[in-house]
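Q: Right, I'll just put the structure down here and ask away after.
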Amino acid sequence: MTFIGFFRRLWRRLFRRGHLRLGVYGPPNSGKTTLANRICADWLGEEMGSTSKIAHETREVRTKERITIKNQAGQTISFSLADTPGIATRIDYRDFTREGMGDEEAKQRAKEATAGVIQSIEWLDNVDCVLVVLDSTKEPYNQVNATLLEHLTARKTPLLVVANKIDLKRADIDRIRAAFPEHDLLGISAKNGDNIDRLYEALFALTARAIQ
């Protein structure tokens, strides 16, 4: 870690206690915004943003400030939530034309999605802890997921791997656990709310690690 990087982490720990920033990261269409919407709806009464079956619906970082959640023991934590664009190594406008977009719209979406990936990576400097959301119906071990988790580990950023979409028949949490056994893992359905209470409990441990 560089001196500047160390100073940034030290500054956050000293001056941002009680105002943690939780980042929601992962590949496109893993359910990041659906999860962010669930958290915001449960605790703020409003959603974060729109979702779509077409990849890269979220193309810029969106935030909600001062979300306060309470656990069964009556304890509370407060944090800001950052919903980030999906990280991908390749964005081809033709993927969007196959979804019915015209060439110009598809090229613009691809351009915005590429900028979103860059912004997501840059925002790693702004988050104190991370939920890495993976689609439990897909093969978890790929370049994007492995690199993201390695990068967060190298930065010593507290993280929780969230295996999303466990309500679907093809879901396989064990496959994600086998791919990344060194990380804490929790299976949920952000859409249906399955295990969402367990996620909120897990956030207490995650945020506690962020301010140590």
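The values are calculated or read from the model by the stated rules, or taken from the named source; none is laboratory data. Remember, it's a predicted structure, so these values are computed and weren't measured experimentally. We place every Cβ from the backbone using ideal geometry, glycine too, and count neighbours over all the protein chains shown.
Q: Taking only pairs six or more apart or across chains, which ones have beta-carbon atoms under 9 Å, a first residue in the range 181-192 that is more than 19 Å from T33 (Cα to Cα) and touching a residue at least 40 places away in the same chain (Cβ under 8 Å), and a second residue that is in a strand (DSSP E or B) and among the basic types (K, R)?
A: Between residues of the range 181-192 that are more than 19 Å from T33 (Cα to Cα) and touching a residue at least 40 places away in the same chain (Cβ under 8 Å) and residues that are in a strand (DSSP E or B) and among the basic types (K, R), there is no close pair.
Q: Quick one: count up the residues across the range 128-174 that are acidic (D, E), without any contact (Cβ under 8 Å) to a residue 60 or more places away in the chain and in contact with a strand residue (DSSP E or B) (Cβ under 9 Å, 6 or more places away or on another chain).
A: 2
Q: Which residues, counting only those in the range 44-66, are assigned to a strand (DSSP E or B) and either more than 17 Å from V133 (Cβ to Cβ) or of a type in the set (D, E, K, R) (or both)?
A: Matches in the range 44-66: R62, K64, E65, R66.
Q: Answer yes or no as to whether Y200 is surrounded by fewer than 18 Cβ atoms within 10 Å (Cβ to Cβ), more than 18 Å from T84 (Cβ to Cβ), under 15 Å from the mean Cα position of the chain (by Cα) and hydroxyl-bearing (S, T, Y).
A: So Y200 fits the description; yes.
Q: Looking at (1) more than 13 Å from L35 (Cβ to Cβ); (2) of a type in the set (V, I, T); (3) modelled with pLDDT of 95 or more; (4) within 14 Å of the chain's Cα centre (by Cα), which is the only condition I173 fails?
A: Among (1) more than 13 Å from L35 (Cβ to Cβ); (2) of a type in the set (V, I, T); (3) modelled with pLDDT of 95 or more; (4) within 14 Å of the chain's Cα centre (by Cα), the lone unmet condition for I173 is (4).
Q: I'm told I91 meets every condition in (1) in a helix (DSSP H, G or I); (2) crowded, with 19+ Cβ neighbours inside 10 Å except one. Can you identify the failing condition by its number?
A: In the conditions (1) in a helix (DSSP H, G or I); (2) crowded, with 19+ Cβ neighbours inside 10 Å, I91 misses (1) alone.
Q: While we're on this one: Restricting to the range 1-58, and then to whatever is closer than 29 Å to E139 by Cα and surrounded by fewer than 13 Cβ atoms within 10 Å (Cβ to Cβ), can you tell me which residue is modelled with the highest pLDDT?
A: Going through the qualifying residues, I end up with K53.
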